[in-house]
């Protein structure tokens with residue numbers, strides 16, 4: 001069972017389970033659901049940005065509709081977007097920027113570690129923010145750019161450690177600690193505020 005940033009409860013049942021099983025699960029876990037919704041509401045208030053702006057690696061970009069534009073473009077702290085529904089253009093902008101921001105950090109982290117990755121893809125993951133395949137191919141969510149830069153730094157270092165240690169054993173956490181001693185703070189940020197990153201651009205662009 002999960003509760004997303006909008007307070008929507010999702011129950012996943014085994015194949016063939018009756019619908020009433022979901023209702024029973026919700027009733028049983030209602031106190032947890034209520035507490036989770038309250039926690040997300042507090043986090044949403046703490047993470048709020050001024051109307052007409054979007055978070056970008058710790059900064060706030062002010063959205064400026066421009067009838068001449070078909071694609072979003074960054075001009076200082078302004079994000080020029082097409083007039084009307086700009087959600088698709090905004091996502092495309094974040095995807096482009098994510099490739100650049102992640103690649104530069106990934107290259108630097110691998111150089112420090114003496115390792116190498118085999119490929120990089122940018123996706124729209126909303127819960128699993130990044131992954132490292134057994135062949136060294138990396139995948140990151142563009143939504144990490146909605147978080148402070150230290151959160152992206154942490155996720156990159158986390159995945160680079162997986163090039164050497166595939167699991168989350170004690171050896172993995174010891175390796176991460178040696179490379180990023182303050183990792184617990186950005187990890188805690190992502191745990192608390194991560195669910196709210198799922199629809200941030202869509203809310204601000206509407």
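Computed over segment 85-205, the P(r) curve from all C-alpha pair distances, binned at 10 Å from the origin, holds 13, 45, 32, 8, 1 percent per bin.
For the pair residue 185 and residue 92, the difference between a 0.36 nm per residue extended length and the Cα-Cα distance amounts to 30.6 nm. Using the Cβ-Cβ distance between residue 71 and residue 192 with R0 set to 25 Å, the FRET efficiency from 1/(1 + (r/R0)^6) comes to roughly 0.15. Considering only alpha-carbon pairs that sit under 8 angstrom and 6 or more positions apart, the relative contact order computed for segment 85-205 is 27 percent. The order of the peptides 96-102, 163-169 by mean Cβ neighbours within 10 Å, most packed first, is 96-102, 163-169. In a fully extended conformation the segment linking residue 28 and residue 60 would gain 7.5 nm over its present Cα-Cα distance, using 0.36 nm per residue. Cα centroid separation, segment 51-121 to segment 146-191: 22 Å.
Only the coordinates and a few stated rules stand behind these numbers; no lab work does. These numbers were taken from a predicted model, which means no experiment stands behind them. Note: ideal-geometry Cβ built from the backbone for every residue, glycine included; neighbour counts use all protein chains shown.
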